Amino acid sequence: MKISVVIPLYNEGVLVERLVDEVRQQLDLMDETFELVCVDDGSTDDTLAKLLDLRNSKNNQLKLIALSRNFGLQAAITAGLDHATGDFVVIMDGDLQDPPEMIPVLISKIKNSKADIVSAVRNTRQEKFSKRFYINVFHKIFKNISESEQVEQSGNFSVLNRKAVDAVLRFSEHNRYFPGIRNFIGFKHEFVLYDRPDRPEGSAKMSRKKLFALAADAIYSFSKWPIKACLYLGLSGVVIFLLAIIYTLVSKITGLAPFGWSSTFLAISFFGSVQLTFLGLIGEYIFRIYKEVQKRPIYFVKEVYDNTGSEETK
Ligand code: UDP
Ligand code: MG
């Protein structure tokens, strides 16, 4: 049985050596064949140079995939999965927030429980209050509105067997959200709990903007809720409109028609804002449809450093 560990990295120069060391230590303990698939997502610091040094010094199980620029975390994960050859594939963040000590726990759970997927679920988090807050809000909303069963508080950290990896790789969509895809594919899914520490060094590479964009991608691609909410709002608008017609007619007939601008103004602003909201939302869908029909490659590989070395795209 071969184990692959996929790690996306973007400007993690300050802790990449410690990361590779700690992951290796855990893998060495397990006495299995393994490979470490590090994806350099277009880092502008010395992440790639440090990884190459590590590879040249002692780690020939270290496979390096250097992307041609920064394509984002989801694309980097896809690149890693594409290049992982193990029977079991672990996916983890490269900032030590997914503790390497959990790798043996994940592996033994997937073997003993005969599950196809084992996800690490965060028991506690030690991040800034504001970040914990909006992540929790996202998980609550996503769980409630998603069409497939979603597991709260699980991120990328998980292990998948070959069957599950192959299923994930069949997704060609551009708007990707790996935890959502992992829950969507079904199969036997088990969980282990862990405490998520804050990153020991460096700053978060998923900026607030990137995190919000990811949350939006997750919601748009796994839920009909945004478009349904519009429909309900539209329908309630129609009901209000009908009531307003009755009110106007009754006032007219009974000679009480008020000559105020308030009602007109309220109606205009209500329908105006509803329409603008709808347009914006439809725009979001069109933008996503456009991105999908363009069928652009999800990432480009600048160089693969395994023991063959080749150039490719996906
Ligand atoms: N990452 C990446 N590409 C990016 C942003 C982040 O490969 O464009 C990697 C990053 O190096 C880290 C992981 O994704 O290994 C998670 O990023 P981060 O810790 O910044 O995210 P958060 O802790 O906010 O989820
Ligand atoms: Mg992190």
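Observations on the model:
- Rounded to the nearest Hz, the phi-derived 3J(HN,Hα) couplings of the range 263-277 under the Karplus curve 6.51 cos²θ - 1.76 cosθ + 1.60 (θ = phi - 60°) are 5, 4, 4, 4, 4, 5, 5, 4, 5, x, 6, 4, 5, 5, 4, where x marks glycine and proline.
- For the pair the range 9-79 / the range 175-246, the C-alpha centres are spaced 30 Å from each other.
- Nonlocal amide H pairs with Lys2, under 5 Å, H built at 1.01 Å: Asp87, Phe88
- Tensor-based shape of the range 36-134 (alpha-carbon gyration tensor, a/c under 1.5 rounded, otherwise prolate or oblate): oblate
- Per-peptide average of other Cβ atoms within 10 Å, ordering 204-213, 105-114 highest first: 105-114, 204-213
- Rounded percent of accessible protein surface that carbon and sulfur make up, the range 18-100, 1.4 Å probe: 43 percent
- For Leu62, residues with placed amide H under 5 Å, excluding near neighbours: Leu36
- Distance (nanometres) between label positions extended 7 Å along Cα→Cβ at Lys252 and Asn112: 7.6 nm
- Heavy-atom accessible area for Met1, with the other protein chains in place and a 1.4 Å probe, reaches approximately 130 Å².
- Förster radius 35 Å - calculated FRET efficiency between Lys143 and Phe241, Cβ distance, rounded to 0.05: 0.50
- Where Glu149, Glu173 fall by accessible area, highest first, once all protein chains stay in place (1.4 Å): Glu149, Glu173
- Selected from Val239, Val118, Val137 as most flexible by GNM, with the chain as the system and alpha-carbon contacts under 10 Å: Val239
- Cβ-derived FRET efficiency at R0 35 Å, Lys2 paired with Arg208, nearest 0.05: 0.40
- Ranking of Tyr220, Tyr247 by solvent-accessible surface, largest first: Tyr247, Tyr220 (1.4 Å probe, protein heavy atoms only, all chains present).
- For the chain, relative contact order (Cα pairs under 8 Å, six or more residues apart, normalised by length) works out to 21 percent.
- Overall Cα dimensions of the chain, principal axis frame, Å, largest first: 92, 39, 35
- Pairs from Lys114/Lys210; Lys50/Lys302; Lys63/Lys163; Lys140/Lys188; Lys63/Lys128; Lys163/Lys224 whose Cα-Cα separation, in the structure shown, is over 26 Å: Lys114/Lys210; Lys63/Lys128; Lys163/Lys224
- Accessible area expressed per residue, the chain, with surrounding protein chains retained (probe 1.4 Å, Å²): 52 Å²
- The relative contact order of the range 35-103 comes to 37 percent, based on Cα pairs under 8 Å that sit 6 or more residues apart.
- The DSSP beta bridges internal to the chain are antiparallel in roughly 35% of cases.
- Taking trypsin sites (Lys or Arg not before Pro) across the range 44-90, the ones in a DSSP loop with at most 13 further Cβ atoms lying within 10 angstrom of their Cβ are Lys58, Arg69.
- Projected label distance in nm at Lys291 and Phe171, using a 7 Å step from Cα toward the beta-carbon: 1.3 nm
- Amide H contacts of Ser158: Ile91, Ala120, each under 5 Å away and 5 or more positions distant or on a separate chain (H built 1.01 Å from N in the peptide plane; Pro and chain starts excluded).
- In Å, descending, principal axis extents of the Cα set of the range 1-60: 35, 19, 17
- In this simple spin-label model, placing a label point 7 Å from the Cα along the Cα-to-Cβ direction at both Ile282 and Ala267 gives a separation of 2.2 nm.
The values are calculated or read from the model by the stated rules, or taken from the named source; none is laboratory data. Computed from a predicted model, the values in this text were never measured in an experiment. Cβ coordinates were reconstructed from backbone atoms using ideal geometry, including for glycine residues, and neighbour counts include every protein chain displayed. Remember, those area values only see protein heavy atoms, side chains included, never the ligands or the DNA or RNA. Shrake-Rupley method; radii C 1.70, N 1.55, O 1.52, S 1.80 Å.
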